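A.B. asks: Take a look at this one; I'll ask things after.
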Amino acid sequence: MGSARVFLLCCILAIFFHSVLCAKSRHFKWEVEYMHWAPDCVEAVVMGINGQFPGPTIRARAGDTLHIELTNKLPTEGVVIHWHGIRQFGTPWADGTASISQCAINPGETFVYRFKVDKAGTYFYHGHYGMQRLAGLYGSLIVEVTDGEKEPFHYDGEFNLLLSDWWHKGSHEQEVDLSSNPMRWIGEPQTLLINGRGQFNCSLAALFSNSSSSQCNLRGSEQCAPNILHVLPNKTYRLRIASSTALASLNLAIGNHKMTLVEADGNYLEPYSVSNMDIYSGETYSVLFTTDQEGSKNYWISVSVRGREPNTPQALIILNYIPTSASNLPNLPPPVAPLWNDYNYSRSFSSKILALRGSPKPPKKHDRRIILLNTQNLIDGYTKWAINNVSLVLPATPYLGSIRYGLNNAFDHKRPPENFGLNYDVSKPAPNQNSTYGSGVYMLNFNTTIDVILQNANALRANVSEIHPWHLHGHDFWVLGYGEGRFNEKSETQFNLKNPPLRNTAVIFPYGWTALRFVADNPGAWAFHCHIEPHLHMGMGVVFAEGVQHVKKIPNEALACGLTAKMLMNNVHK
Ligand SMILES: [Cu+2]
């Protein structure tokens with residue numbers, strides 16, 4: 001019997017006997033809608049899925065195919081959902097990026113996201129149109145190892161923490177604020193949320209805080225009541241952590257407990273023991289901790305802001321040792337994060353994240369190196385972020401369709417710049433702060449090795465340089481290294497080619513550079529952008545495309561806008 005037949009037979013058996021021999025298809029029907037909710041005890045309007053906020057958690061096994069039938073129940077705006085960290089091999093139209101992989105789904109319409117989750121790990125999903133992530137469109141996506149496979153570590157139980165930040169001002173007003181002249185910055189979030197829950201007008205740990213905040217008086221059934229993690233003594237637990245924040249960089253700690261990082265962005269790490277950890281927007285982690293502390297007490301898990309002067313209280317939840325009552329508040333103060341601007345601490349933390357021994361290694365050499373300068377600029381007085389002095393404006397026709405079908409005029413055909421001026425001083429505000437809008441694409445030769453050097457610089461104001469976590473769609477990249485100041489050819493000696501971690505998100509520190517390497521082996525058009533949503537909204541991103549001629553037939557539903565819609569109509573009428 002041929003292997004194809006064996007496979008077919010196996011699948012048929014699987015369907016009949018619910019056997020676990022083959023990968024499964026998992027079907028979901030989702031409706032996205034606005035709804036009233038009180039994520040931080042203050043009633044607001046959030047974007048929910050099937051009446052839930054955050055959206056439902058998807059659990060699947062590596063190799064499964066997900067079918068998510070997404071209906072847009074928003075009254076007047078489009079929607080898409082991006083499956084963050086899933087590479088979409090063979091299904092680039094399911095990446096869920098408006099104007100890049102597909103047309104936004106119109107109100108009342110349905111789009112089916114059908115794709116394979118090929119690699120075990122901790123992932124999440126979120127809106128990728130306008131500022132819909134800030135509005136609350138996100139949820140967890142967890143891919144377990146295939147039956148019979150084992151993780152390279154042991155644990156007795158697991159918890160899932162989806163981190164986000166929350167503003168009381170709605171996302172539409174925020175969008176207008178950011179696009180105004182002068183720009184009105186959205187400011188720091190009112191509340192940090194863990195699994196969509198936080199407390200704005202009270203504190204779980206008021207006992208220990210110097211502020212005048214009152215002790216929360218929650219019964220546990222409120223929408224803002226914290227999740228409590230119930231654990232047994234002397235066991236090892238896995239915490240799956242994902243940050244969907246629109247802005248905040250975070251630090252997480254568990255009172256009195258050490259944590260061991262074992263997975264990041266769906267790739268295994270050399271075990272790394274820490275007492276607290278930084279988490280940037282777009283990153284995911286798995287950490288292990290052992291409940292080896294005094295069992296008659298409970299402990300705080302705290303999440304704090306880093307990298308920006310904090311104006312948001314810590315988010316807190318309780319680690320409850322069974323059989324101690326969960327209503328006994330911990331008697332020690334919640335763990336405090338390192339100082340918000342202690343970047344040496346952040347750099348040291350990030351540079352110790354390394355791939356597990358035996359992980360795939362990067363190619364030794366690159367075929368092409370693209371250097372991307374990150375600056376804040378002005379265009380006709382409007383404040384923008386720009387990459388090599390080009391601020392990204394997304395076109396009306398998604399790139400995937402326009403490149404695949406050779407539709408000229410869908411976007412700028414001028415090649416975006418590969419580098420920036422030799423004399424540019426990254427430590428000072430730019431002498432010429434003006435830049436331009438652009439929609440050009442970095443066309444990558446299929447199967448070549450690309451180095452990207454992200455170069456940070458001074459923003460518009462003197463002595464200001466911000467953190468930017470960059471996220472690549474469609475690929476994982478190796479993080480070859482971080483450095484300070486301007487990257488030059490000698491900086492290459494600092495590259496780690498031995499055990500660099502594979503990630504899909506990597507941060508650039510103030511005034512520094514970060515070097516990434518990836519193989520352009522996934523036919524499609526892919527966003528690469530700062531994961532801080534207001535920064536992306538202000539133009540902080542680029543688009544890569546490779547091997548688009550190898551992309552199979554794109555579903556018409558992904559093309560029903562702009563020039564591709566015209567093309568479809570002409571084809572029908574011919
Ligand atoms: Cu940014």
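A.B. asks: May I ask you to list the residues in region 376-392 that are part of a strand (DSSP E or B) and either away from the ligand (no atom under 15 Å from the Cβ) or not small (Gly, Ala, Ser) (or both)?
C.D. replies: Gln376, Asn377, Leu378, Ile379, Tyr382, Thr383, Lys384, Trp385, Ile387, Val390, Leu392
A.B. asks: Shifting gears a bit: Using the structure shown, decide if Gly266 is over 22 Å from Gly136 (Cα atoms), open to solvent by less than 10 Å² (accessible area, probe 1.4 Å), in contact (Cβ under 8 Å) with a residue 40 or more places away in the chain and not aromatic (Phe, Trp, Tyr).
C.D. replies: Answer is yes for this residue.
A.B. asks: Another one. For region 510-521, how many residues are surrounded by fewer than 22 Cβ atoms within 10 Å (Cβ to Cβ) and assigned to a loop (DSSP other than H, G, I, E, B)?
C.D. replies: Qualifying residue count, region 510-521: 3.
A.B. asks: Would region 392-413 turn up any residue that is in contact (Cβ under 8 Å) with a residue 12 or more places away in the chain, of a type in the set (Lys, Arg) and surrounded by fewer than 21 Cβ atoms within 10 Å (Cβ to Cβ)?
C.D. replies: no
A.B. asks: Could you give every pair whose Cβ atoms fall below 7 Å, whose first residue belongs to region 288-304 and is within 15 Å of Ile317 (Cβ to Cβ), and whose second residue is among the polar types (S, T, N, Q) and part of a strand (DSSP E or B), counting only separations of at least 6 or pairs across chains?
C.D. replies: Hits for this filter: Asn298/Asn320; Ser304/Asn251.
A.B. asks: Okay, next question. Of everything in region 353-375 that's closer than 27 Å to Asp278 by Cβ, assigned to a loop (DSSP other than H, G, I, E, B) and in contact (Cβ under 8 Å) with a residue 12 or more places away in the chain, which residue is most open to solvent (accessible area, probe 1.4 Å)?
C.D. replies: This residue is Arg357.
A.B. asks: Scan region 139-158 and tell me whether some residue there is out of contact with any strand residue (DSSP E or B) (no Cβ under 7 Å at 6 or more places or on another chain) and among the aromatic types (Phe, Trp, Tyr).
C.D. replies: No, because not a single residue in region 139-158 is out of contact with any strand residue (DSSP E or B) (no Cβ under 7 Å at 6 or more places or on another chain) and among the aromatic types (Phe, Trp, Tyr).
A.B. asks: Okay, next question. Tell me which residues, restricted to region 167-208, are more than 24 Å from the chain's Cα centre (by Cα), more than 24 Å from Met540 (Cα to Cα) and open to solvent by 10 Å² or more (accessible area, probe 1.4 Å).
C.D. replies: Phe200, Asn201, Cys202, Ser203, Leu204, Ala206, Leu207, Phe208
A.B. asks: Could you tell me which of the residues Val46, Val32, Val42 is assigned to a loop (DSSP other than H, G, I, E, B) and of a type in the set (A, V, I, L, M, F, W, C)?
C.D. replies: Val42
A.B. asks: Can you pull out the residues in region 321-347 that are farther than 26 Å from Thr236 by Cβ and not aliphatic (A, V, I, L, M)?
C.D. replies: Trp340, Asn341, Asp342, Tyr343, Asn344, Tyr345, Ser346, Arg347
A.B. asks: Taking the criterion of being away from the ligand (no atom under 16 Å from the Cβ), surrounded by fewer than 21 Cβ atoms within 10 Å (Cβ to Cβ) and under 30 Å from Thr122 (Cβ atoms), would at least one residue in region 424-447 satisfy it?
C.D. replies: Yes: region 424-447 contains one or more residues that are away from the ligand (no atom under 16 Å from the Cβ), surrounded by fewer than 21 Cβ atoms within 10 Å (Cβ to Cβ) and under 30 Å from Thr122 (Cβ atoms).
A.B. asks: Hey, does region 558-569 have a residue that's modelled with pLDDT under 95, among the basic types (Lys, Arg), more than 16 Å from the ligand (Cβ to nearest atom) and within 20 Å of Tyr399 (Cβ to Cβ)?
C.D. replies: Scanning region 558-569, I find no residue that is modelled with pLDDT under 95, among the basic types (Lys, Arg), more than 16 Å from the ligand (Cβ to nearest atom) and within 20 Å of Tyr399 (Cβ to Cβ), so the answer is no.
A.B. asks: Of the residues Trp83, Trp93, which is open to solvent by 10 Å² or more (accessible area, probe 1.4 Å), among the aromatic types (Phe, Trp, Tyr), closer than 20 Å to Thr71 by Cα and out of contact with any Cys (no Cβ under 6 Å at 6 or more places or on another chain)?
C.D. replies: Trp93
A.B. asks: Got a sec? Which strands (runs of 3 or more DSSP E) wholly within region 50-124 have at least 2 residues that are over 25 Å from Arg503 (Cα atoms)?
C.D. replies: In region 50-124, 65-72, 110-116 are the strands (runs of 3 or more DSSP E) which contain 2 or more residues that are over 25 Å from Arg503 (Cα atoms).
A.B. asks: Scan region 105-134 for residues that are hydrophobic (A, V, I, L, M, F, W, C) and surrounded by fewer than 24 Cβ atoms within 10 Å (Cβ to Cβ) and jot them down.
C.D. replies: Matches in region 105-134: Val112, Phe115, Ala120, Met131.
A.B. asks: Starting from residues that are charged (D, E, K, R) and open to solvent by less than 70 Å² (accessible area, probe 1.4 Å), keep the ones in region 525-557 and report whichever is nearest to the ligand (Cβ to nearest atom).
C.D. replies: Out of the qualifying residues, it is Glu533.
A.B. asks: When the residues of region 488-509 are filtered to those that are part of a loop (DSSP other than H, G, I, E, B) and crowded, with 21+ Cβ neighbours inside 10 Å, which remaining residue is nearest to the ligand (Cβ to nearest atom)?
C.D. replies: Selected residue: Phe509.
A.B. asks: Say whether the condition of being without any contact (Cβ under 8 Å) to a residue 60 or more places away in the chain, surrounded by 24 or more Cβ atoms within 10 Å (Cβ to Cβ) and in contact with a Ser or Thr (Cβ under 9 Å, 6 or more places away or on another chain) is met by at least one residue in region 136-150.
C.D. replies: No, because not a single residue in region 136-150 is without any contact (Cβ under 8 Å) to a residue 60 or more places away in the chain, surrounded by 24 or more Cβ atoms within 10 Å (Cβ to Cβ) and in contact with a Ser or Thr (Cβ under 9 Å, 6 or more places away or on another chain).
A.B. asks: With hydroxyl-bearing (Ser, Thr, Tyr) and within 17 Å of Val274 (Cβ to Cβ) as the only criterion, which of Ser350, Ser327 stands out?
C.D. replies: Checking each option against the conditions leaves just Ser350.
A.B. asks: A further question follows. Can Phe544 be described as closer than 23 Å to Tyr113 by Cβ and part of a strand (DSSP E or B)?
C.D. replies: Answer is yes for this residue.
The values are calculated or read from the model by the stated rules, or taken from the named source; none is laboratory data. Please read all numbers here as calculations on a predicted model, not as lab measurements. Heads up, the Cβs are rebuilt from the backbone with ideal geometry, glycines too, and the neighbour counts pull from every protein chain shown. For accessibility, only protein heavy atoms count, side chains too; no ligands or nucleic acids. Shrake-Rupley method; radii C 1.70, N 1.55, O 1.52, S 1.80 Å.
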